[in-house]
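The values are calculated or read from the model by the stated rules, or taken from the named source; none is laboratory data. Computed from a predicted model, the values in this text were never measured in an experiment. Here the Cβ positions follow ideal geometry from the backbone for every residue, glycine too, while neighbour counts run over all protein chains shown. Accessible surface areas use protein heavy atoms only, side chains included; no ligands, DNA or RNA. Shrake-Rupley method; radii C 1.70, N 1.55, O 1.52, S 1.80 Å.
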Amino acid sequence: MKSPLLSLPGAVAAEGVDEGVAAHYGDLFREQRSLADGTGFVDLSHRGVVAVTGEDRLGWLHLLLTQHVSELPVGEATEALILSAHGHIEHALYLVDDGTTVWAHVEPGTQDALIAYLESMKFFYRVEVADRTADLAVVHLPAGSIGEVPEGVVVRETAYGRDLFLPREDLESFAATHGPAAGLLAYEALRVEHHRPRLGFETDHRTIPHELGWIGTAVHLQKGCYRGQETVARVQNLGKPPRRLVFLHLDGSEVHLPVAGTEIRLADEGADGRKVGFVTTSARHHELGPVALALVKRNIPTDARLLAGETAAAQETVVEP
């Protein structure tokens, strides 16, 4: 869906999976600083919104998700994954329950497949699943924001800020009273700074939760009864994941950022050396300069100097080897 906020002054549309909202509004670093200072908002109205109602909703979701949600308190935010039978990540859900409905926002365009899976698992449970993307828009207020939340709007509050499930028809009036607007590039730069993985960016068809540090935050180790749980338990108890997420400080003298998918090699082996990983997300940060998240082989030394394409990179550990 194309956001009406693309009509705001300076708005430049995002591309790819984030098409439909603004990448920036003309000043990337100003927008980042605004969010870091707790002011402004981010239009995330391109994200999918899924609602689950019915008296069995929490117990039913508990059986399907990697997170412990059977007794999720009203208003408490959490996140959860849906895995394949082999433990690979298929969906990431960002959840809150308001007492009658579990609300989740998900990656753009993934809600149809998610809903199809949930519908296939309803059986005799008293639950209803609905796609609410057409009438609700996700808006993000940064941590520290004193922006007023409109009455009746469901809020998902985390350490990184508040996600609002705002009526889509109210987007423009909300923007008029809660600016300045910050684009998705600013939001993504802060996500990278905080080492937060994103489905479809830090994941591929074989990613397991351990590789990205999602154990504990999105995967509860003291529960079973979900698809892929055997893989999670086996890796946790008996082995190590094949790859690990790292944070990269990139050479600031380079004009261009290494794009997602750029191959990573050991600097000591040069540009023709063996591939040891790849960039997942890169960004220009208002304080840290050019940075990135990347997946590398688990056995790469934590102090090894790396090359992202032709760009020198120093790694910072996110997931321990």
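Structure above, values below:
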read-out: Residues of the range 276-321 that turn out to be farther than 16 Å from VAL259 by Cβ, in a strand (DSSP E or B) and among the hydroxyl-bearing types (Ser, Thr, Tyr), as a count; value: 1
read-out: Residue selected from the range 11-30 under the condition more than 22 Å from LEU199 (Cβ to Cβ) and either aromatic (Phe, Trp, Tyr) or part of a loop (DSSP other than H, G, I, E, B) (or both), by the criterion most open to solvent (accessible area, probe 1.4 Å); value: PHE29
read-out: Verdict on ALA292 being open to solvent by less than 70 Å² (accessible area, probe 1.4 Å), touching a residue at least 24 places away in the same chain (Cβ under 8 Å), out of contact with any Phe, Trp or Tyr (no Cβ under 7 Å at 6 or more places or on another chain) and under 24 Å from GLU31 (Cα atoms); value: yes
read-out: Members of the range 212-229 found to be in a helix (DSSP H, G or I) and either touching a strand residue (DSSP E or B) at 6+ places or on another chain (Cβ under 6 Å) or at pLDDT below 95 (or both), listed by number; value: LEU212
read-out: Pick from the range 194-237, criterion touching a residue at least 60 places away in the same chain (Cβ under 8 Å), open to solvent by 50 Å² or more (accessible area, probe 1.4 Å) and among the hydrophobic types (A, V, I, L, M, F, W, C), ranking: farthest from SER84 (Cα to Cα); value: PHE201
read-out: Output for the range 231-275, where each listed residue is under 24 Å from the mean Cα position of the chain (by Cα), outside any helix (DSSP H, G or I) and among the aliphatic types (A, V, I, L, M); value: LEU245, VAL246, LEU248, LEU250, LEU257, VAL259, ALA260, ILE264
read-out: Number of positions in the range 72-90 that are more than 20 Å from the chain's Cα centre (by Cα) and under 23 Å from GLU230 (Cα atoms); value: 2
read-out: Residue pairs meeting the criteria (Cβ under 7 Å; at least 6 apart or on separate chains; first closer than 17 Å to PRO142 by Cβ, in the range 162-180; second part of a helix (DSSP H, G or I) and open to solvent by less than 40 Å² (accessible area, probe 1.4 Å)); value: LEU166/PHE174; ALA175/LEU5; PRO180/SER34
read-out: Given (1) within 23 Å of VAL17 (Cα to Cα); (2) buried (at least 18 other Cβ atoms within 10 Å of the Cβ), index of the condition PHE174 fails; value: (1)
read-out: Pair list, Cβ < 6 Å and 6+ apart or interchain, from the range 297-321 residues that are under 18 Å from ASP251 (Cα atoms) and touching a residue at least 12 places away in the same chain (Cβ under 8 Å) to residues that are open to solvent by less than 50 Å² (accessible area, probe 1.4 Å) and part of a loop (DSSP other than H, G, I, E, B); value: ALA308/PRO258; ALA308/THR262; GLY309/PRO258; GLY309/THR262; THR311/PRO258
read-out: Residue check for LEU93: under 22 Å from PRO167 (Cβ atoms), under 16 Å from the mean Cα position of the chain (by Cα) and at pLDDT 95 or above; value: yes
read-out: Residues of the range 134-144 satisfying the condition of being farther than 18 Å from ALA51 by Cα and open to solvent by less than 20 Å² (accessible area, probe 1.4 Å); value: HIS140, LEU141, PRO142
read-out: Selection status of LEU306, farther than 22 Å from GLU188 by Cα, open to solvent by less than 10 Å² (accessible area, probe 1.4 Å), out of contact with any Phe, Trp or Tyr (no Cβ under 7 Å at 6 or more places or on another chain) and of a type outside the set (Ser, Thr, Tyr); value: yes
read-out: Residue ID - least open to solvent (accessible area, probe 1.4 Å), chosen from residues in the range 264-279 that are out of contact with any helix residue (DSSP H, G or I) (no Cβ under 9 Å at 6 or more places or on another chain) and more than 15 Å from PRO301 (Cα to Cα); value: VAL279
read-out: Per-region count, the range 1-10, residues open to solvent by 60 Å² or more (accessible area, probe 1.4 Å) and in a helix (DSSP H, G or I); value: 1
read-out: Members of the range 257-276 found to be of a type in the set (Gly, Ala, Ser) and on the phi < 0 side of the Ramachandran plot, listed by number; value: ALA260, ALA267, ALA271, GLY273
read-out: Those residues of the range 295-314 which are in contact with a Pro (Cβ under 9 Å, 6 or more places away or on another chain) and not charged (D, E, K, R), in sequence order; value: ASN299, ILE300, PRO301, THR302, ALA308, GLY309, THR311, ALA313
